[in-house]
Amino acid sequence: MLAQQIVNGLMLGAIYMLVAVAFTLAIGVLNFLNFSLPGLFMVGGMLAFGLMKAGWPFLLAAAGALAAAAFASLLVERFAYRPMQGGDPEVPLVSSLGFLVLLENLMLIQYGSDQQAFPALLPDLNLRLGGLVIGIAQLISLALSLGLVAFLSWYLSSTAAGRRIRTVAENRETAQLLGIDISRLVPQLFVASALLAALAGILFAVNYQQVSPFMGEGVGFKGVAAMIVGGMGSIWGAVLGGLVIGLAEVLSISLIGADVVNISVYGLLLLILIVRPQGLVGRAASREKL
Amino acid sequence: EEDLVLGYMMAKSGPYVSLANTNEVAVDLAVEEINKKGGINGRKIKVVKFDTAGDPKQATTALRTFAQDAGALAIIGPFSSSEVRTTFPVGEREGIAQMSMASSAPGLTKGFTYGFRNTTDEGKVIDQVLAAVKDKKLPMASGAAAYATDDVVSKSIGTVVVPKMFEKYAIPSKGAVDFQLAAFDLSPQVAQLKQMAPDIVGLGSPPEGAVNIAKELKRQGVSTRLIGGTTIADPELPRRMDGAGETLTIGTTFFPEVNDRTKGFAAEFAKRTKAAGLARTEPNQMDASVYDIVYLYAAAMEKAGVTGDKAKLAAERAAIRDQVAKLKDYPALEGSISFADGDAVKPVYVLEVKGGKWTLLDTRMPN
Amino acid sequence: MALLEVSSLSVSYGRVAALADVSLTVREGEIVTVLGANGAGKSTLLKAILGAVPVKGGGITFADIDLTRAAPHKRMAQGLVLVPEGRRILISLTVEENLLLGAHMRTDTGAVRGEMNAIYDRFSNLAERRHMPASCLSGGEQQMLAIGRAMMARPRLMMLDEPSLGLSPLFVSKLFDLIRELNAGGLSVLLVEQNTGKALKVAHAATVLELGRVTMAGEPAALAADPRLQAAYLGGGSAPAH
Amino acid sequence: MSGYLTGVLVVLAFNVMAAYAVYLPLAAGQLNLGIAGFMAIGAYASAFLTNEYAWPMWVAIPAGSGLAGLVGLAIGFPVLRTHGIYFAMATFALGQVISAVFLNLEVVGGAAGYPVTDYAGPSVVFAAAAGVVLVMLLLSRTRFALYLTAVKSDATVADLLGVSVRGMKVAAFALGAMVAGFGGGLYAHHYSFVEAQHFNVLLSVFTVLYVLFGGTQTVWGPLVGAAFFTLVPELLRASDQWRYALFAVFIIVFMAVRPQGLVTTSLFRLFRRRPAEVSS
Amino acid sequence: MSAALAISGLSKSFAGVRAIRDLSFRVPKGVTTALIGPNGAGKTTVFNLVSGVYGVDAGRIEVNGVDVTAMPSRKRITTGVARSFQNIRLMPHLSVLENLLVGQHVRASSLKALLTPYRLVPSHRWKREARDALEETGLGRWADETVSTLPYGVRKRIDLVRATLAGASLLMLDEPAAGLNPSETNALRDHLTALMAKGITLLVVEHDMHFVDSICENVVVLNFGEKIAEGPLSRVRQDPKVREAYIGTDEEA
Ligand SMILES: Nc1ncnc2c1ncn2[C@@H]1O[C@H](COP(=O)(O)OP(=O)(O)OP(=O)(O)O)[C@@H](O)[C@H]1O
Ligand SMILES: Nc1ncnc2c1ncn2[C@@H]1O[C@H](COP(=O)(O)OP(=O)(O)OP(=O)(O)O)[C@@H](O)[C@H]1O
Ligand SMILES: [Mg+2]
Ligand SMILES: [Mg+2]
């Protein structure tokens, strides 16, 4: 029983983890709390659903949804991020939330506000080990997520492109003075984080066989929480955070009850932040040199 | 010649949109039918509409608009329990009747003389569902409850109604699991239910929760009968469960297959919703309820001899209220309706999912 | 041969005109210095040449290519580099990563390593701290890093915006030696300096900006002798009223 | 005044109070994403006092506000160890925890909500909102407001100049919580009903949205932002299902054109400067 | 008479690098003192330790006879020491005048001063003082500008004025003349001389030796965090250790 719940928690955590990494790319690198990401997550799931309903095969539908999310993200970059440069870091929050509302309402107009059933791709393909039920689809998505994250982490820390990205993260203007082509690098990052979020949305739809125009909100907030628990800007922190949040959620439901799940999950987040303001693996900001 | 103005609070946007956006078609249909037959007391009914988005604050604004600006005689709606909680006190102060089509939380009309609901208390509904299950000699040797904790109605079903009914029908309870409305991952809860292995699970939840739990039950290979009240009564539910949820049994206050009148209504409704480009073309219980609300008000206005004269507005509003409260065995679309303590008393249709479709198991009158 | 040709350049920030009709030429292998009071527009000029601020009028030609509207990275690909005012080192990166960043457009990784070691030899303060975050450097050390970073790009024209700022006298001498040395190796230099005397000494040509306009230009020696310049920039007279 | 206008203006009044609750800490650079939690404290506490102890409303609502402020003060010290987005997330979590606690608190009705007997009419709401705006305007003219901006701009230097950075932040946070609690208490007594579900994340987030949209550089921003967010959806009522989509497009385009929000200091300068330039 | 600043046995390391080693020196009241040394010698670090940006590893710091070694950074300005910053640190979103008002904080820290809506009073005492200070230094026309767009030299002077408005008796200036041209340096010199005349003690970090020569009576030379020489500049600059580490042989310095 407990073993099953831990498996359930890890599977849930895998979804949070991808969203958290998408947020990490946006805020850790671009210093942009991109609230359109939950919307792009939703676009991933919802559009994959819509295209399959229109008769497309799954892989094609997924590719279409990813492409749409990438395109939407480029619009976010153009209209929410680019004009806000040099302002307070909170400001882009407004228009990125505007994008979230927009995407949700567009999907709502197209497909209705109902939760819809996403067709089962691998019907009832479950690994049964003793009493343990592990969904193959979930296992595949966990592996896929971890692989992607590992690649990203290597890319950012060890390549010249990664250095350029970190330069933009620290100071856009300086990056420009150093001849970094921001007008290409930044949109690329937006596309990358959109692809992660949308992929998470597709995996979510496949795993839980449901989509809805509002599916991004709950997961989005948990994703931000996961990123913060792990420590902002650290990709492996986001992974750890995602798993911690997933486990905390499932275990508190099964051990105490769903009415305390918000108290325990967010209480844990609060506690972690108070004890370690920089997150689990984040480095404490040292006092700046004058 | 004045029209008889009714205010109508719609929830055409916001969280209830998929349940509520077809209501307008039903209201328009009822008004058209009545006006075609010559209206009430020789006057036509006119409906003024306001989209509240299911938000209590906007519902209050709607109520003030109807009462103070539009000269409404009575109000159709509001939709949700939260809206009812804020608009009933204002309606009481303004002296104008309201009748909700969807709010089914316990005790909402208590203490209000102008507040009505054309809905049935979930306790009464589930009582009839269990009675039907017992009558049909279906297995019910042990039970458990599953409910959403952050929704008033669902929670009271899970924590109050189901335990009480299990006691009434002598069903030993194996326990309860709960979840959040927004939860998509019900694997922990179902893992617990699997251990309990009950014959029936009393479900307090909106349709989404029912879909999710039915699917997860299927995934984890658990077979049990889910039973529930009107909160799950979505005509589309069997399709949305996509093969899961066989034997799910619920009570509702409307079923299109009952008689010619309901079939006729469903057909006309389908025509109009299709023409309006709406996603759902099958009427749900709220559509039927709101359709009947127009008729109930019409009956009350007729009895009260309402003229729509602006000078007599306050008196006529009070008269409508008094007549609604006194309605007995009114032959409505949903069946025979009477009012007791502000709430409608009407038949309960017990439905079961069979072969991926709703089928009528039994029709019962709450006692 | 003219390497950089700035003609009738105008730049404004909103309604404030920062540069008006500024022309300037840097020939291949030459050191040109730009002098002027605070707010005269010197930094703006360098940034405009790099493309970091949009120009309102005029043209910029570098190595016979018109770059007036090109993006900064395009200009740097042609061999322009700037040591910006205020150093602008990246404090979240290590000292070494900052240096590597200077060479981010280059593909000859082997040569880059070698040049980096040469810079460490020259600036021993940096060598000791190569794996520390650049935030811990002292003011002068940050200036060294900024210069080193620009050298890593292996430019044809290096623009320096007040490079001696915050450097010790000994180091200022070393800096000017370095500029001479790089120049001798073929590098052209556009130098903005408050250390007017030293700047005029190394330069082949000088331009004076006042409130965004060129007021004097010519031979450094001649300028140094000019009484107006003496008064304003060589400490010969009292402060001009603001 | 028509019933419709009254209804809309009441909503506006509540949005304005919420906006200033967010604005105060934001002026010191702290994004409070849990403001709904503090509104809930004020709402439940004051409703409890009038319902169960028959306190008069004009005592109970300030008491609820004070309690929200005290909670803000007590929580402020540990939570303010965090910065930036971490702080925003900590307050977000705090808001979630507070509303979840009320959702499970059976003495105030739990998930069923809590009806409130005493009633505060529209004129009371208007007067209260006007009072809040007035206090904010006065406050914005003080050194306190100046220090909040200083702390936001450069906390290290503000500290070296002797400004108590921690004190300012905690004060702004607690004052914001007080304003939120005040609005919450009034909300409970105007709408005669409180439910924890109302005080959710979206309420907090949308309030932050008004404020940023209006602009945080001046004290007028929150007012303008709240007015915009209350009134424009009303104007778009006719557009039906496209209402919120259009509204979202509107926000995006507006912010792209005026990233610092609608009301900025430079806007004020522009107005102030013109006559002087003409005369000189 | 007690010293304006007395430092004894001061040490500070960063991640194993010893930035300050057993440093002791005094700045007597009214004696303008320069702290010089090569880049990275630890001059700014001394300022940071005195103003409390970092805690000390060992040693003792006294300002006007008050031991501030363990005092929180925020309180130190109350003992009469204020500073400027090597990388100018003004509050970019505030106007010039408002920056100065923040600088007055130590003298206006009562609850009443905090909550008085001074901006409603057209010519409030504090505002008037700040404006006068700006006029005196020829910065009057910038008073209502937002700081972020001002030229470097102007910002530099505002930083200095802000430090003086704290009413401190000891001012620590970190490279005040850096980035100024000779005529601006002259203006700065006049400004500082006026401050000295008001009885304010200056401790100056500066690389411009002419400037140091013209205002400083005493010079402390640091190298690798240690004091290598102390005395009047004319004597110190002859010291071979100083020449080798700092000035070089270039006679222009
Ligand atoms: N981002 C900006 N926005 C508005 N005005 C600016 C901006 N940057 C510079 N200015 C103005 O343009 C003019 C020229 O500034 P610039 O920085 O080029 O001068 P400078 O000669 O480099 O001065 P300094 O010697 O102080 O560095 C000044 O009046 C300055 O106020
Ligand atoms: N916060 C810190 N972390 C790590 N090292 C530091 C820190 N602050 C200073 N240092 C180191 O201490 C040494 C002294 O630095 P400091 O800034 O005091 O030098 P300085 O004498 O002011 O030099 P400059 O004239 O170049 O400004 C430098 O080598 C610097 O790298
Ligand atoms: Mg400059
Ligand atoms: Mg220094």
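The values are calculated or read from the model by the stated rules, or taken from the named source; none is laboratory data. Small disclaimer: the values here were computed from a predicted structure and weren't measured. FYI the Cβ positions are ideal-geometry reconstructions off the backbone, even for glycines, and counts take in every protein chain you see. Only protein heavy atoms, including side chains, enter the accessible area calculation; ligands, DNA and RNA are left aside. Shrake-Rupley method; radii C 1.70, N 1.55, O 1.52, S 1.80 Å.
Numbers below:
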read-out: Spans of helices (runs of 4 or more DSSP H) in region D:179-280 with at least 3 residues more than 13 Å from chain A (Cβ to nearest Cβ) and modelled with pLDDT of 90 or more; value: D:221-235
read-out: Options B:Ala176, B:Ala141, B:Ala146: the member that is among the aliphatic types (A, V, I, L, M), within 11 Å of chain A (Cβ to nearest Cβ) and over 21 Å from the mean Cα position of the chain (by Cα); value: B:Ala176
read-out: Any pair with Cβ under 6 angstrom, 6 or more apart, that starts in region A:258-281 at a residue that is touching a residue at least 24 places away in the same chain (Cβ under 8 Å) and ends at one that is surrounded by fewer than 19 Cβ atoms within 10 Å (Cβ to Cβ) and not in a helix (DSSP H, G or I); value: A:Gln278/A:Ala284
read-out: Test: residue in region C:24-41 that is over 19 Å from the mean Cα position of the chain (by Cα), assigned to a strand (DSSP E or B) and away from ligand 2 (no atom under 16 Å from the Cβ); value: no
read-out: Scan of region C:128-163 for residues that are within 12 Å of chain E (Cβ to nearest Cβ) and small (Gly, Ala, Ser), ordered by number; value: C:Ser135, C:Ser138, C:Gly139, C:Gly140
read-out: Residue list for region A:261-281, filter: assigned to a helix (DSSP H, G or I) and either within 7 Å of chain D (Cβ to nearest Cβ) or in contact with a strand residue (DSSP E or B) (Cβ under 7 Å, 6 or more places away or on another chain) (or both); value: A:Asn262, A:Ile263, A:Tyr266, A:Gly267, A:Leu269, A:Leu270, A:Leu273, A:Ile274
read-out: Residues within region E:80-120 that are outside any loop (DSSP other than H, G, I, E, B) and not polar (S, T, N, Q), tallied; value: 22
read-out: Residues within region C:78-127 that are within 14 Å of chain A (Cβ to nearest Cβ), of a type in the set (Ser, Thr, Tyr) and not in a loop (DSSP other than H, G, I, E, B), tallied; value: 2
read-out: Residues being part of a loop (DSSP other than H, G, I, E, B) and within 18 Å of the chain's Cα centre (by Cα) - total across region B:21-48; value: 2
read-out: Residue satisfying condition, being under 24 Å from A:Ile165 (Cα atoms) and among the charged types (D, E, K, R), within set C:Arg27, C:Arg87, C:Arg69; value: C:Arg87
read-out: Wholly enclosed strands (runs of 3 or more DSSP E) of region E:1-79 bearing at least 1 residues within 20 Å of E:Ala245 (Cβ to Cβ); value: E:5-14, E:17-27, E:33-36
read-out: Within region D:156-178, considering residues that are free of Cβ contacts under 8 Å to residues at least 24 places away in the same chain and in a helix (DSSP H, G or I), the one surrounded by the fewest Cβ atoms within 10 Å (Cβ to Cβ); value: D:Gly167
read-out: Answer from E:Leu180, E:Leu160 - the residue that is at pLDDT below 90, out of contact with any Asp or Glu (no Cβ under 6 Å at 6 or more places or on another chain) and within 16 Å of ligand 1 (Cβ to nearest atom); value: E:Leu180
read-out: Residues of region E:26-70 that turn out to be more than 25 Å from E:Lys198 (Cα to Cα) and either open to solvent by 50 Å² or more (accessible area, probe 1.4 Å) or small (Gly, Ala, Ser) (or both), as a count; value: 11
read-out: Of the criteria (1) surrounded by 24 or more Cβ atoms within 10 Å (Cβ to Cβ); (2) within 10 Å of another protein chain (Cβ to nearest Cβ), which one A:Ser252 fails; value: (1)
read-out: Search result, residues across region B:157-191 that are in contact with a strand residue (DSSP E or B) (Cβ under 6 Å, 6 or more places away or on another chain) and in a helix (DSSP H, G or I); value: B:Ile157, B:Gly158, B:Val162, B:Phe166, B:Gln189
read-out: Top-ranked residue of region E:179-203 - restricted to ones that are more than 14 Å from every other protein chain (Cβ to nearest Cβ) and open to solvent by less than 20 Å² (accessible area, probe 1.4 Å), ranked as farthest from E:Ser51 (Cα to Cα); value: E:Leu195
read-out: Any strands (runs of 3 or more DSSP E) falling wholly within region C:132-226 and containing at least 2 residues that are more than 16 Å from ligand 4 (Cβ to nearest atom) and either of a type in the set (Ser, Thr, Tyr) or crowded, with 23+ Cβ neighbours inside 10 Å (or both); value: C:157-161, C:188-192, C:205-210
read-out: Search result, residues across region B:223-274 that are over 23 Å from B:Ala132 (Cα atoms), within 14 Å of another protein chain (Cβ to nearest Cβ) and either without any contact (Cβ under 8 Å) to a residue 60 or more places away in the chain or open to solvent by 20 Å² or more (accessible area, probe 1.4 Å) (or both); value: B:Arg239, B:Arg240, B:Asp242, B:Gly243
read-out: Selection count where residues are within 16 Å of ligand 3 (Cβ to nearest atom) and within 21 Å of C:Ala48 (Cβ to Cβ), scope region C:130-162; value: 5
read-out: Count - residues of region D:204-252 that are aliphatic (A, V, I, L, M), under 16 Å from B:Ser13 (Cβ atoms) and crowded, with 19+ Cβ neighbours inside 10 Å; value: 2
read-out: Residue match in region D:118-137 (condition: touching a residue at least 24 places away in the same chain (Cβ under 8 Å) and within 14 Å of chain E (Cβ to nearest Cβ)); value: yes
read-out: Options D:Tyr4, D:Tyr53: the member that is surrounded by fewer than 24 Cβ atoms within 10 Å (Cβ to Cβ) and out of contact with any helix residue (DSSP H, G or I) (no Cβ under 7 Å at 6 or more places or on another chain); value: D:Tyr53
read-out: Extreme residue, modelled with the highest pLDDT, among residues of region E:198-253 that are part of a helix (DSSP H, G or I) and hydroxyl-bearing (Ser, Thr, Tyr); value: E:Ser214
read-out: Counted residues, region A:67-112 - those being in contact with a strand residue (DSSP E or B) (Cβ under 9 Å, 6 or more places away or on another chain) and within 28 Å of D:Gly29 (Cβ to Cβ); value: 0
read-out: Count of residues meeting criterion [open to solvent by less than 40 Å² (accessible area, probe 1.4 Å), at positive phi and modelled with pLDDT under 90] in region C:68-122; value: 1
read-out: Among residues of region E:123-157, those that are more than 16 Å from ligand 3 (Cβ to nearest atom), of a type outside the set (Asp, Glu) and either in a helix (DSSP H, G or I) or open to solvent by 10 Å² or more (accessible area, probe 1.4 Å) (or both), counted; value: 16
